[in-house]
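Student: This is the structure, below, for whatever I ask next.
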Amino acid sequence: MKREITGHTALYCLLGSPVAHSISPQMHNASFLYHGIDARYLSFDVKPEDLKKAIDGLRVLGVKGFNLTMPLKREMIPYCDRLSPAAEICGAVNTVVNENGVLTGHTTDGIGYIGAAKDAGVDIRDKKIVQLGAGGAGVSSLVQCALDGARQIDLFNAHPRPELIRIVHQLCDRTRCDVRFHPLSDKDALKKAVGEADLLVNTTPVGMAPDHAGQSLITDPSWFHPGLVVSDMIYEPMETELLRLAREAGCHTFNGIYMLLYQGVEAFRIWTGKDMPVEEIKRKYFDKPVKR
């Protein structure tokens, strides 16, 4: 049964451009209904040049919380009054809590990856991880894996961006994780790292449909070994070339579809203190590829 909108109905929303395709409104509104919470979640197409005006309006209107998607995650940083440790290190925000006009920024993308890994039966604590790429979601997963107890992360990226090197050094200083940067072009180092790893994760667009479908940064299946788990943040296609090669080599694999779910689960918990009904949301909205 649907709840009527009242004079007390709280508003939550998503900001970004484009946003019309997002599954977030369905996920959060179904969860509000499940818990009997008098709230609604909407999406608003906001471009970077209009972000300040939008944030000022959300403060004035008393919007309880909001998400940010591309291209606004980094642009939100200067408008936050407080940052979570992960958001501070990443330099990006995708979830904001508004408490009497005080905006606290969080990043839940990395927690979304950890949740997807747990859903696949993978615990990253004390594991050796090889990560390919370090874009927005890739940086979040890098930071969260280090914060959550990974033993070592070998990060392979095309370029040693100053901001990325800063993050690597911060993680080494602030966590027990040994984070190492390597150029993606160093195939010998990559082969060696994969051979010693417990978990390999691709965070690059290589393998994504339609432009990069059928491609993989690792093409030799002999690099994979028994016990290695291989994951890909891509979910279109559901099985990338990397995952296909790894599966045929006997590796356990999982894609990025549930990362979308679990980043929303964490945002909902931050806002309400309650758990999103994960199994119900899976049945309703994750039986086919979706976009966030």
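The values are calculated or read from the model by the stated rules, or taken from the named source; none is laboratory data. None of these values were measured; they are calculated from a predicted model. Positions of Cβ are backbone-derived with ideal geometry, glycine not excepted, and every protein chain shown enters the neighbour counts. SASA here: full protein model, heavy atoms, side chains in, ligands and nucleic acids out. Shrake-Rupley method; radii C 1.70, N 1.55, O 1.52, S 1.80 Å.
Student: What number goes with the only condition from (1) hydrophobic (A, V, I, L, M, F, W, C); (2) part of a helix (DSSP H, G or I); (3) open to solvent by 20 Å² or more (accessible area, probe 1.4 Å) that residue 267 does not pass?
Tutor: Among (1) hydrophobic (A, V, I, L, M, F, W, C); (2) part of a helix (DSSP H, G or I); (3) open to solvent by 20 Å² or more (accessible area, probe 1.4 Å), the lone unmet condition for residue 267 is (3).
Student: Would region 78-89 turn up any residue that is part of a strand (DSSP E or B) and within 30 Å of residue 253 (Cβ to Cβ)? Working first, answer last.
Tutor: First pass over region 78-89, keeping only residues part of a strand (DSSP E or B): 82-83.
Filter once more, keeping what is within 30 Å of residue 253 (Cβ to Cβ): none.
Looking for residues that are part of a strand (DSSP E or B) and within 30 Å of residue 253 (Cβ to Cβ), one finds none in region 78-89, hence no.
Student: Could you check region 157-192 and list, in sequence order, the residues that are under 23 Å from residue 115 (Cα atoms), buried (at least 17 other Cβ atoms within 10 Å of the Cβ) and not β-branched (Val, Ile, Thr)?
Tutor: Passing the criteria: 171, 177.
Student: What are the pairs, 6+ residues apart or on separate chains, where a residue within region 97-120 that is under 30 Å from residue 201 (Cα atoms) and among the small types (Gly, Ala, Ser) has its Cβ under 9 Å from a residue that is assigned to a strand (DSSP E or B) and open to solvent by less than 10 Å² (accessible area, probe 1.4 Å)?
Tutor: What qualifies is 105/68; 105/95; 105/96; 116/231; 117/199; 117/201; 117/231; 120/231.
Student: Scan region 193-205 and give yes if some residue there is more than 23 Å from residue 110 (Cβ to Cβ), modelled with pLDDT under 95, part of a loop (DSSP other than H, G, I, E, B) and open to solvent by 50 Å² or more (accessible area, probe 1.4 Å), otherwise no.
Tutor: no
Student: Here is a further query. What residue, among those in region 222-236 that are open to solvent by 20 Å² or more (accessible area, probe 1.4 Å) and of a type in the set (Gly, Ala, Ser), is farthest from residue 117 (Cα to Cα)?
Tutor: Selected residue: 222.
Student: So is residue 154 open to solvent by 50 Å² or more (accessible area, probe 1.4 Å) and at negative phi or not?
Tutor: Numbers: open to solvent by 50 Å² or more (accessible area, probe 1.4 Å): no; at negative phi: yes.
Answer is no for this residue.
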